[in-house]
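A.B. asks: Structure incoming, see below.
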């Protein structure tokens, strides 16, 4: 909806997760995310976890640009006092954990307290490397890499919803994702394109391919799965597709020239070619895309 | 609620409307405001006016710091398509009018469309003068000034609510406030403290006095009222108190040393003294404060 209005080059056509501004010879990275009850967290979620995730998701956007956080601003609609107090404690905890100051924001009272809560956060960071990695920039022949494992947040969430037992690892992956700030800074000089996986690997990989004017072919057999995920869901193609199309992973997805020596552990999961869209292979055969590649905001 | 967490000096203890960051030798000003249906605009408001006011309120915060806008980010929950389209048109119009780019943001779908809409906006600006004017800094003996006239938005809004006829001037004051960017930049070098009047003059003046560790005495007879306001509501003490305690004025309120030559037209409405709080006089007599000084967010 807003793309036509965001014509300034700093907006990167809204095809990136962040804006990049030149200020006094430095590149300032700015990102704004909203999260809503019933979409990003279940109504009975621990407010401290909600605060954690709001901050972590924003910092993950900074991480994917190789940026060092400067601080955050919060937009908060006051509601239930107990919820708000627990949110504030969680906010303090996550900001301390990542050593990021709360710089300001706005609170609002007097609105419909029965309405689903929405939260807004703006994060500011300083680029550690120029040019600042973007979604675009991959070149045909580049390898697509992802850090860590995928699908753990999805598995943690589905256990929560079905009240099935889940391992602390899976629950933490959903409730307390860790933004890969150090890894993002280390990778920034080595990548041709980078973003975080927040909306589902397949959707985010397609966005990187689209932004780069290329196609991407992903080998589903290489999708990295944790032992906990495999114990719960197995590791067949269906469970790999699930892991690659849910989101909330907050891993770093990047394109690098074949043969690049990487400063961070990552898994090669595919490569870019001429063409458009995302294609999948499994055991040497092309396989169909799932109905949903990930979570669409618009 | 958030004050205890915002310990970083850039946050200015959340007693200012903005954060001030040092980036590459420049002072970056960042502010975030939220607005909600039923609080900041009536449900049947023109969405283009809502967009205008959201942008204008944020830019007014920049104006009060003498800052030049760099751009804005929007947090927007998608709802009714027609409303959203009209909002987008209004957003384009107001951004064009003040020559400010939309840099990014986030949109969200799938939430309860019957819930009151909330919008978030982050504005970034570059300080034109250092030190950046703050709420604090007034000195005993300083004169309190305000630009323009007060109460016009209040009068426009009450006409709208009661379906009484209103002049275009009063309606515009409510629907399409103008951020005083040029005036703020001109005043920044001349003031000891500055803020915009968004929550009611008496409340905002008290905040400036509190932040400066002083009392402020306001002469109600000097409160500037427009001809349209006076025609509608008269100019007696009660109507002056109304004009000074409603908000949405987006005028600049500032402290300057007595005798300062001002580059912008403004009205002297009081002065700072030792002590605390805000006191009012009228025709040489102290008069009681109204029950409500303005709009409290927290």
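A.B. asks: Residue of B with Cβ nearest the axis relating B to A, plus distance in whole Å?
C.D. replies: Output: B:24, 1.
A.B. asks: Which one of B:282, B:250, B:229 has the biggest mean-square fluctuation once chain B is modelled by GNM with Cα springs under 10 Å?
C.D. replies: B:282
A.B. asks: Which value in Å is the Kirkwood Rh of segment B:171-219 over different Cα pairs?
C.D. replies: 12.6
A.B. asks: Given C-alpha coordinates of segment B:1-76, what is the ratio Rg to Rh with the Kirkwood estimate of Rh?
C.D. replies: Over the Cα atoms of segment B:1-76, Rg/Rh equals 1.03.
A.B. asks: Averaged across B:33-40, how many Cβ atoms of other chains sit within 10 Å of each residue's Cβ atom?
C.D. replies: Shielding by partners across B:33-40 averages 5.
A.B. asks: In whole Å and largest first, what semi-axes does the C-alpha gyration tensor of segment A:9-133 yield when each eigenvalue is scaled by 5 and square-rooted?
C.D. replies: After scaling each eigenvalue by five and taking roots: 28, 15, 12 Å.
A.B. asks: Please give the calculated 222 nm ellipticity per residue for chain A, where each DSSP H segment of at least 4 residues contributes -39500 (n - 2.57) and the sum is spread over every residue; nearest 500 deg cm²/dmol?
C.D. replies: Taken over chain A, the calculation gives -8500 deg cm²/dmol.
A.B. asks: For the pair residue A:26 and residue A:85, how long in nm is the line joining their label points, each one 7 Å along Cα→Cβ?
C.D. replies: Here the modelled spin labels are 3.8 nm apart.
A.B. asks: Here's a follow-up. What is segment B:174-274's relative contact order, in percent, from Cα pairs under 8 angstrom and six or more apart in sequence?
C.D. replies: Relative CO of segment B:174-274 lands at 48 percent.
A.B. asks: If the elastic network links every pair of Cα atoms under 10 Å, which of A:32, A:271, A:40 fluctuates the most in the Gaussian network model of chain A?
C.D. replies: Maximum among the listed residues: A:40.
A.B. asks: Distances from residue A:277 to the same residue in each other copy, label points 7 Å out along Cα→Cβ, in nm, shortest first?
C.D. replies: Its label point is 7.3 nm from the equivalent points in the other copies.
A.B. asks: Still on this structure, please answer the following. Please quote Rg/Rh for segment B:28-70 to two decimal places, taking the Kirkwood radius as Rh and restricting both calculations to Cα atoms.
C.D. replies: 1.05
A.B. asks: Tell me the relative contact order for segment A:105-206 as a rounded percent, counting alpha carbon contacts under 8 Å between residues six or more apart.
C.D. replies: 34
A.B. asks: Right, next: On average, how much area does the Cα convex hull of segment A:146-298 cover when viewed from any direction, in nm²?
C.D. replies: For the Cα atoms of segment A:146-298, the hull's average projected area reads 9.4 nm².
A.B. asks: I'd like the distance separating the alpha-carbon centroids of segment A:131-154 and segment B:219-298, in whole Å.
C.D. replies: Each part reduced to its Cα centre gives a spacing of 57 Å.
A.B. asks: Along each of the three principal axes of the Cα atoms of chain A, give the extent in whole Å, ordering the values from largest to smallest.
C.D. replies: 57, 53, 35
A.B. asks: Relative contact order of chain B: what whole-number percent is it, with Cα pairs under 8 angstrom and at least 6 residues apart?
C.D. replies: 22
A.B. asks: Kirkwood-based Rg over Rh for the protein assembly as shown (C-alpha set), two decimals?
C.D. replies: Rounded to two decimals, Rg/Rh equals 1.02.
A.B. asks: So, one more: Would you look at the GNM of chain A, springs on alpha carbons closer than 10 Å, and say which of A:214, A:103, A:241 moves the most?
C.D. replies: A:103
A.B. asks: Between copies, how far apart are the residue B:163 label points? List them in nm, one decimal, shortest first, with each point 7 Å from Cα toward Cβ, please?
C.D. replies: Computed spacing set for this position: 5.2 nm.
A.B. asks: On a C-alpha basis, how far is the centre of segment B:40-116 from the centre of segment B:201-218 in Å? Whole number, if you could?
C.D. replies: Answer, in whole Å: 30.
A.B. asks: Can you divide the C-alpha Rg of segment A:203-262 by 2.2 N^0.38 Å and report the result to two decimal places?
C.D. replies: So segment A:203-262 has a normalised radius of gyration of 1.26.
A.B. asks: Moving on to the next point. Can you list the distances in nanometres, one decimal and ascending, from the residue B:237 label point to the identical position in each other copy, with the point 7 Å along Cα to Cβ?
C.D. replies: So the label point of residue B:237 gives 8.4 nm to the other copies.
The numbers here are math on the coordinates, done by the rules we state, and not lab data. Computed from a predicted model, the values in this text were never measured in an experiment. Note that we place each Cβ from the backbone using ideal geometry, even for glycine, and neighbour counts take in every protein chain shown.
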